[in-house]
Amino acid sequence: MPDPRHDLKFYDENGDTCFLVEDILFKFDRKKIESQQSPYFNNLLDAHRKGAKETPIHLAGKSAESFGNLCFALFYSIDFSKSKLPPFFLLSNIEHLLLVAKSAWIYECFLLHNLIKNTLPDRAPPRGELISQGSWEIYVDVIAVMDQPNPKSSNQEKEEHKKYHSAVMNTFYSRVIRTQKEVHLEPDSLLVREILKLGTDHEMFASLLYCFLAYRGENSKENIFTDDKNPIGGLYKGRGKERELMLAKLSECRKWLVSQWPHGVERAKSLKDSDYCLPNHIECRNKLKRKLAAWHESQLTEATTHALWDIMGHFYQMSYLAWSLEPQCTGCFEKFEEAMDPLRTAVRNSLKHILIDLKSPPPDGIWPKLR
Ligand SMILES: [Zn+2]
């Protein structure tokens, strides 16, 4: 093995502690790490105090890349344990912030990780932007970070994280449906590969199955699971029984959605006036209410093929109408999306229940009560 080289950014000759990660040396003052109160580092530093001081601390099984991301936060940050706001350098680049969050979690720097989770809603792109543009990786990374449990989060913070997680997932459904309507989502598309990184027991996989269910014919749906050249079919290669179960669950899911359809639309029609808009944006509210009334009516009466049960597609169209008001009002759009969250969450949870947990459909009455 060649001699380890010094990291270009995070090697301070005057530092008192040296870390070896893969074949790269990092050196800086131990207090930078100690301020993180990480159980992982506390154990390592304790062991090192007893051993030979001169040898670097080896971070076995860790990547130099992930440690470098953590160092970025350690070197250029203010004291994370005290600050409520993230340091200035993190503000501009959401991708970078997400990388730091993932590294913070790997190294059990839970204070830093919690801080980033708290501030993500302000740093991530707004909903309108997420639905219409931005990379799939951002969704997947935001969800991955929000999924990581953190023992340092207070109960109130946990509630906030859960709420944000839900909002992003609901927005994600809208985006998947929008994409499905514009370009057919292929089972070997970038999005599918990103989702499969999270695993087939993740609720993002349910969103994918929902889209296949809603927007594909019977044959092509089955092909996705049987063609082992695509990533999804490949997963079920040699697992015929599981594949059959999956297809049966898709049928069961559709039956359940058909039964839920009129209730879901009725419930969506019963939003309060204040749910449609910011306070005093009466013009926005009236315009949107008119558009939505016409939309609901057409969908309850028109005998189109899948419109009569594709409830997530219906909700997506509601968002689209709110987004495309003339003139556009992003404030009212955000307000409206918040009001739609409980409805989407109810369906989402049920879809996960059927398609991922492979349980029988939930009983009637899933629709959240009027507040
Ligand atoms: Zn408005």
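The values are calculated or read from the model by the stated rules, or taken from the named source; none is laboratory data. Everything quoted here is computed from the prediction, not taken from an experiment. Neighbour counts are summed over all protein chains in view; Cβ atoms, including those assigned to glycine, are modelled from backbone coordinates with ideal geometry.
Taking the conditions exactly as written (part of a loop (DSSP other than H, G, I, E, B) and either buried (at least 16 other Cβ atoms within 10 Å of the Cβ) or away from the ligand (no atom under 16 Å from the Cβ) (or both)), does GLY238 satisfy them or not?
Taking the combined requirement at face value, the residue satisfies it.
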- Note on the structure: Just one listed residue, out of LEU370, LEU343, is under 17 Å from LEU271 (Cβ atoms) and more than 24 Å from the chain's Cα centre (by Cα), and it is LEU370
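For (1) under 26 Å from VAL258 (Cα atoms); (2) without any contact (Cβ under 8 Å) to a residue 60 or more places away in the chain; (3) over 17 Å from the mean Cα position of the chain (by Cα); (4) in a helix (DSSP H, G or I), each residue gets a yes or a no:
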| site | (1), (2), (3), (4) |
| --- | --- |
| ASP188 | no, yes, yes, no |
| LEU191 | no, yes, no, yes |
| GLU194 | no, yes, no, yes |
| LYS197 | no, yes, no, yes |
| ALA206 | yes, no, no, yes |
| ALA214 | yes, no, yes, yes |
| GLU222 | yes, yes, yes, yes |
- Going through (1) crowded, with 18+ Cβ neighbours inside 10 Å; (2) in contact (Cβ under 8 Å) with a residue 60 or more places away in the chain; (3) not aromatic (Phe, Trp, Tyr) one by one, LEU257 fails only at (2)
- Task: Scan the range 321-346 residue by residue and report those that are touching a residue at least 40 places away in the same chain (Cβ under 8 Å) and farther than 16 Å from PRO279 by Cα.
- Result: TRP323, LEU325, MET340, ASP341, LEU343, ARG344, THR345
- Which condition number does GLU338 fail, the rest of (1) touching a Cys at 6+ places or on another chain (Cβ under 9 Å); (2) assigned to a helix (DSSP H, G or I); (3) farther than 18 Å from LEU213 by Cβ being met? (1)
- Query: Give me the pairs: first residue in the range 276-304 and modelled with pLDDT of 95 or more, second residue of a type in the set (D, E, K, R) and within 11 Å of the ligand (Cβ to nearest atom), beta-carbon distance under 7 Å, and six or more apart or on different chains, which are they?
  - Reply: TYR276/ARG285; CYS277/ARG285; CYS277/LYS335; LEU278/LYS335
- Given the residues LEU288, LEU245, LEU271, which is the only one that is aliphatic (A, V, I, L, M), part of a helix (DSSP H, G or I) and within 16 Å of the ligand (Cβ to nearest atom)? LEU288
